[in-house]
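The values are calculated or read from the model by the stated rules, or taken from the named source; none is laboratory data. Everything quoted here is computed from the prediction, not taken from an experiment. Neighbour counts run over all protein chains shown; Cβ positions are idealised from the backbone, glycine included.
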Amino acid sequence: MNILIIEDEIRAAQQLQIMLKNNYPNFNILGTLESVEDSVEWLNNNTPPNLILMDIQLADGLSFEIFQQINIEVPVIFTTAYDQYSIKAFKVNSVDYLLKPIQENEFKSAIEKYQKLYTQNTSSNIDALTLEKLITNLVVEPARKRFMVKDGGAMIFVSMEEVAYFYSEDGISFLVKKNNKRYIVEMTLDAIEKDISPSNFFRINRGQIVGIESVEKIHPYFNHRLKLDISGNSKLEFVVSRNRTSEFKAWVNT
């Protein structure tokens with residue numbers, strides 16, 4: 001099977017490649033493209049792949065613009081950081097979607113769906129009306145750049161570059177800066193996870209989200225889990241849950 005990846009985030013593209021190589025070594029990755037322009041040029045000048053893994057937000061616009069310029073007749077699996085309800089209504093034919101950060105079990109499920117449809121020789125053309133809805137209804141919401149938090153009696157901004165990790169304790173969410181200063185965030189970890197960049201932050205368990213730049217060492221831990229050394233931390237224990245270990249390894253290796 002020949003696979004084409006259309007993804008402008010380096011880490012996300014590498015994660016897809018790793019998951020493909022680990023789970024489907026017989027699949028051939030034709031290449032990785034980062035923009036609408038490059039994708040249109042490649043598809044116009046090469047033999048169509050069997051499957052396309054396509055991010056919705058590319059360097060120069062929404063990937064749906066590709067469909068406006070050329071006719072794509074192969075299955076497409078979209079990858080997106082948007083909330084699932086934003087695009088659920090637009091699943092058509094063999095088109096599927098994966099929410100970022102992509103979990104390996106969901107990735108394999110999407111590939112299995114593709115394989116079933118492929119053996120049935122199912123077309124995945126997206127009709128003009130569906131395409132128009134996709135473009136006009138999908139609101140582009142870039143990853144959060146900062147958080148506003150309380151600092152004594154005042155409010156201050158903390159940029160994402162300053163954040164080491166997030167965690168929850170007794171129902172309260174905390175943001176911890178790289179200088180180890182802690183602030184309360186009036187959001188749940190679920191809401192925080194949806195707002196931040198999946199390339200730079202990873203939710204290792206139900207109560208902790210770590211930044212890639214803060215992971216110093218990774219240790220094997222019992223029950224096939226991983227224990228992390230986080231820079232500046234001397235109080236909390238950071239353990240990657242068993243069901244997230246594979247995705248975490250792919251994330252740190254990109």
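If I ask for residues that are among the polar types (S, T, N, Q) and surrounded by 11 or more Cβ atoms within 10 Å (Cβ to Cβ), which ones from the range 160-191 would you list? Scanning the range 160-191 gives S168, S173, N180, T188.
Every condition in (1) touching a Lys or Arg at 6+ places or on another chain (Cβ under 8 Å); (2) closer than 30 Å to Q17 by Cα; (3) touching a residue at least 40 places away in the same chain (Cβ under 8 Å); (4) not hydroxyl-bearing (S, T, Y) holds for G232 except the one numbered (2). Number of residues in the range 28-47 that are in contact (Cβ under 8 Å) with a residue 24 or more places away in the chain and surrounded by 15 or more Cβ atoms within 10 Å (Cβ to Cβ) equals 11.
Out of the residues in the range 1-20 meeting the condition of being surrounded by fewer than 20 Cβ atoms within 10 Å (Cβ to Cβ) and farther than 21 Å from P198 by Cα, tell me which one is modelled with the lowest pLDDT. So, considering only residues that are surrounded by fewer than 20 Cβ atoms within 10 Å (Cβ to Cβ) and farther than 21 Å from P198 by Cα, the one modelled with the lowest pLDDT is M1. Of the residues screened, I209 is not one that is exposed (fewer than 14 other Cβ atoms within 10 Å of the Cβ) and either outside the structural domain of Q17 (by TED's automatic domain parsing) or hydroxyl-bearing (S, T, Y) (or both).
Scanning the range 27-68 for residues that are at pLDDT 95 or above, assigned to a helix (DSSP H, G or I) and either aromatic (F, W, Y) or under 18 Å from the mean Cα position of the chain (by Cα) (or both) yields one hit, W42.
Scanning the range 224-238 for residues that are surrounded by fewer than 17 Cβ atoms within 10 Å (Cβ to Cβ) and part of a strand (DSSP E or B) yields a count of 2. The criterion of at least 3 residues that are more than 19 Å from the chain's Cα centre (by Cα) and closer than 20 Å to E237 by Cβ is met by the following strands (runs of 3 or more DSSP E) wholly inside the range 144-223: 163-169, 172-177, 215-221.
Answer with yes or no whether S246 is under 26 Å from Q17 (Cβ atoms), part of a helix (DSSP H, G or I) and within 15 Å of the chain's Cα centre (by Cα). It would help to see each step written out before you state the result.
Details: under 26 Å from Q17 (Cβ atoms): yes; part of a helix (DSSP H, G or I): yes; within 15 Å of the chain's Cα centre (by Cα): yes.
Yes: the conditions hold for S246.
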